[in-house]
Amino acid sequence: MRDDYLRELINKVKTGEIDRESALKKLKTLPYEDIGFARVDNHRSLRQGFPEVIYGEGKSKEQIIHIIGVLVKGGNDAIVTRTNREVFEYVRKKYKKAVYNEQARMIVIQRRKNNKVNKGLILVISAGTSDIPVAEEAAVVAEVMGNKVERLYDVGVAGVHRLLDNIDLVMSATVLIVVAGMEGALPSVVGGLVDKPVIAVPTSVGYGASFHGISALLGMLNSCAPGVAVVNIDNGFGAGCIANLINRLKQ
């Protein structure tokens, strides 16, 4: 439940629009709701400022839509990561406002229009075109959380002039998410140019010796550039969340 949802509930009790027993039933689903196969964390938006997000892989479409129902009932937005169009079409039959980002493999159901509540700019940079799916996951998560997000894609170190041609945009960001596979060099380059936090995201893109992203991960962890922090391989979602938390500090 969002804090504004609770305020609305309190006001309805105060004005007599709903009775106390009905309000109590709604509050009984805090801090979580047990639906048998899952315990949905309704308290998370109050605790962390954003509702629980559904990781789609390994869940059936019936399980996903059941969890969505719990989140929506609590007045929350609903996000499903790592999912596919088949699941989206199933969800859209019930939730007409659902949208699907093909590249990010994400379903988003926003209860109301997000007016970019956080100040500052989050810039999402990808080294190559093949890194875009992970970059888009980060970008969409940050946008839904209420941030202004810009994208700068395919500017890796094989042609670093592409990055330098956009240096004004790079320097204007409050926090930067830099997504790269192969040897994972781009976050170090960006980290050496800016005085803002850089969140490095290694991807599993690359040939055999990249070891499905481990080479990029180790390269980023060993960065000599200050101000670079690293999330797990392909974890665009985690990067978007951290960038949001940093940007919220600019209020």
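The values are calculated or read from the model by the stated rules, or taken from the named source; none is laboratory data. Bear in mind that the values here come from a model prediction, so they are computed numbers and not experimental data. In this analysis, Cβ positions are derived from the backbone assuming ideal geometry, glycine residues included, and neighbour counts consider all displayed protein chains.
Restricting the search to segment 28-82, which residues are in a strand (DSSP E or B) and loosely packed, with under 14 Cβ neighbours inside 10 Å? Let's see the steps before the verdict.
Of segment 28-82, the ones in a strand (DSSP E or B) are 33-34, 39-40, 54-55, 78-81.
If the condition is that a residue be in a strand (DSSP E or B) and loosely packed, with under 14 Cβ neighbours inside 10 Å, then 34, 39 are the ones that fit.
Is it the case that residue 190 is over 29 Å from residue 54 (Cα atoms) and touching a strand residue (DSSP E or B) at 6+ places or on another chain (Cβ under 7 Å)? So residue 190 fits the description; yes. Taking the numbered list (1) aliphatic (A, V, I, L, M); (2) closer than 20 Å to residue 223 by Cα; (3) assigned to a helix (DSSP H, G or I); (4) modelled with pLDDT of 95 or more in turn, residue 138 passes all entries but (2).
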